[in-house]
Amino acid sequence: MGTTWQEVHIEAPVEKVFAFFADPNNFNQLEGRGGDYVDVVVTPQGVGTHYRMVSRMAGVEVDIDGRYTEVVPNRRIVDDTRGSLAGDVLGGSFTYRFEPEGTGTRVVFDHTHPGVVSRLPLLGHVIETQLAHSNQPVMDELKALLERWARDAP
């Protein structure tokens, strides 16, 4: 099992940053999101919120199902995913942690993924490195989007 980890500081209050992540529909605002979030159902308590993300990788349609299995308001969201074809690489568990930092919020992303990473450690390392590198533009876009969103949101 492998884990990739990233973090970003967002100049916005924890409550607003958390509210963005609590609704997977908001990820459709990101250009570099990797797919379209569809069939989103947001539950009032957060746990049980679920969605499908549909995308194309190397010309093959990939369908990923996500479900929030743990939600601690303004602190943490755990998103467990399963994917067709990509389950070994993109599936797994995503944990988003929200921590007050100065006048903003530090968001820490942990992605634990099983499958090919544990069966083929060298390939898993290459995949983890590539995911971390390719995610940086998405992280930069997420930061800019959330800072605009927090300014404009009521």
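The values are calculated or read from the model by the stated rules, or taken from the named source; none is laboratory data. Nothing here was measured: the structure is a model prediction, and the numbers come from that model. Neighbour counts run over all protein chains shown; Cβ positions are idealised from the backbone, glycine included.
Cβ-Cβ under 7 Å, sequence separation 6+ or interchain: first residue in segment 40-61 and closer than 12 Å to Asp23 by Cβ, partner exposed (fewer than 14 other Cβ atoms within 10 Å of the Cβ) and hydroxyl-bearing (Ser, Thr, Tyr). Which pairs?
Thr49/Thr43
Would you point out the residue of segment 1-43, among those that are among the β-branched types (Val, Ile, Thr) and over 20 Å from Val54 (Cα atoms), that is modelled with the lowest pLDDT?
Narrowing segment 1-43 to residues among the β-branched types (Val, Ile, Thr): 3-4, 8, 10, 14, 17, 38, 40-43.
Checking which are over 20 Å from Val54 (Cα atoms) leaves us with 3-4, 8, 10, 14, 17, 43.
Working: Thr3: 59, Thr4: 64, Val8: 91, Ile10: 94, Val14: 95, Val17: 94, Thr43: 97.
Within segment 1-43, the match that is modelled with the lowest pLDDT is Thr3.
Give the residue that is surrounded by the fewest Cβ atoms within 10 Å (Cβ to Cβ), with candidates limited to residues of segment 44-79 that are of a type in the set (Lys, Arg) and part of a strand (DSSP E or B). Give the derivation first.
First, the residues of segment 44-79 that are of a type in the set (Lys, Arg): 52, 56, 67, 75-76.
Next, only the ones that are part of a strand (DSSP E or B) stay: 52, 56, 67, 76.
Details: Arg52: 17, Arg56: 10, Arg67: 15, Arg76: 16.
Within segment 44-79, the match that is surrounded by the fewest Cβ atoms within 10 Å (Cβ to Cβ) is Arg56.
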